[in-house]
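**Student:** Here's a structure for you.
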Amino acid sequence: MPRPEDERLVALEARCACDDPRFARAMSVGHPPRPREYRRTGAWWALAVATVVLVAGVVLANGLLIAAGLVGVGLAAQLVDPPA
């Protein structure tokens, strides 16, 4: 007869598999990735691109590129900042 703790663990495993299948597969192998909330690869790429646009604007003395770079860096910095 299964114990109540086992049933709760099975329910938790099924819910985790529905929420984040990649994480559930990696847990079964033994090398879990970070949860989706903490993956910030796209945010770092956006920050890098915005910084390049900002530097290009400064080098070319183009106000529009500088403004776009500053806005992009501000938006990307918000994405990189971890949630409270």
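Any read-out appearing in this document is the output of simple, stated calculations on the displayed coordinates, not a laboratory observation. Since the structure is predicted, the reported quantities are computational estimates derived from the model, not experimental observations. Note that we place each Cβ from the backbone using ideal geometry, even for glycine, and neighbour counts take in every protein chain shown.
**Student:** Using the count of nearby Cβ atoms within 10 Å as a rough guide to exposure, how do Val52, Val29 rank from fewest to most? Walk me through the numbers on the way to the answer.
**Tutor:** Details: Val52 12, Val29 7.
Ordered by Cβ neighbours within 10 Å, fewest first: Val29, Val52.
**Student:** For helix 63-80, what angle does its Cα long axis make with the longest principal axis of the chain, in degrees from 0 to 90 and rounded to 10?
**Tutor:** With rounding to tens, the tilt is 20 degrees.
**Student:** Please give the helix 4-19 orientation as an angle from the longest Cα principal axis of the chain, in degrees from 0 to 90, rounded to the nearest 10.
**Tutor:** It works out to around 30 degrees.
**Student:** Take the Cα coordinates of the chain, assign each an equal point scatterer, and use the Debye formula without solvent to give log10 I(q)/I(0) at q = 0.17, 0.24 Å⁻¹.
**Tutor:** Debye output, listed in q order: -0.77, -1.04.
**Student:** Show that you can apply the helix-only estimate: for the chain, add -39,500 (n - 2.57) for every DSSP H stretch of four or more residues, divide by all residues, and state [θ] at 222 nm to the nearest 500. Can you show the working numbers first?
**Tutor:** On the way: 4 runs with 63 residues, N = 84.
Estimated from H runs of four or more residues: -25000 deg cm²/dmol.
**Student:** Which of Pro33, Val58, Ala76 sits closest to the plus end of the dipole of the chain, meaning its Cα is farthest towards the positive end, when Lys and Arg get +1 and Asp and Glu get -1 on the C-beta?
**Tutor:** Value: Val58.
**Student:** Pick out, in residue order, every one of the trypsin sites (Lys or Arg not before Pro) in the chain that is DSSP loop and has at most 14 other C-beta atoms within 10 Å; say none if there are none.
**Tutor:** Working: sites: Arg8, Arg15, Arg22, Arg25, Arg36, Arg39, Arg40; in loops: Arg39, Arg40.
Here the sparse-neighbourhood loop sites are Arg39.
**Student:** Let me know the charge dipole size of the chain about its Cα centre in debye, to the nearest 20, where only the beta-carbon of Lys, Arg (+1) and Asp, Glu (-1) is charged.
**Tutor:** Working: 9 positive and 8 negative charges, 38 e Å.
Roughly 180 debye for the chain.
**Student:** Any chance you could run the full-extension gain for Phe23 through Thr51? It's 0.36 nm times the residue separation minus the Cα-Cα distance, nm to one decimal.
**Tutor:** Values: separation 28, 0.36 × 28 = 10.08 nm, distance 3.17 nm.
Value of the extension gain: 6.9 nm.
**Student:** By how many degrees, between 0 and 90 and to the nearest 10, does the Cα long axis of helix 41-60 differ from the longest principal axis of the chain?
**Tutor:** For 41-60 against the chain, the angle is about 0 degrees.
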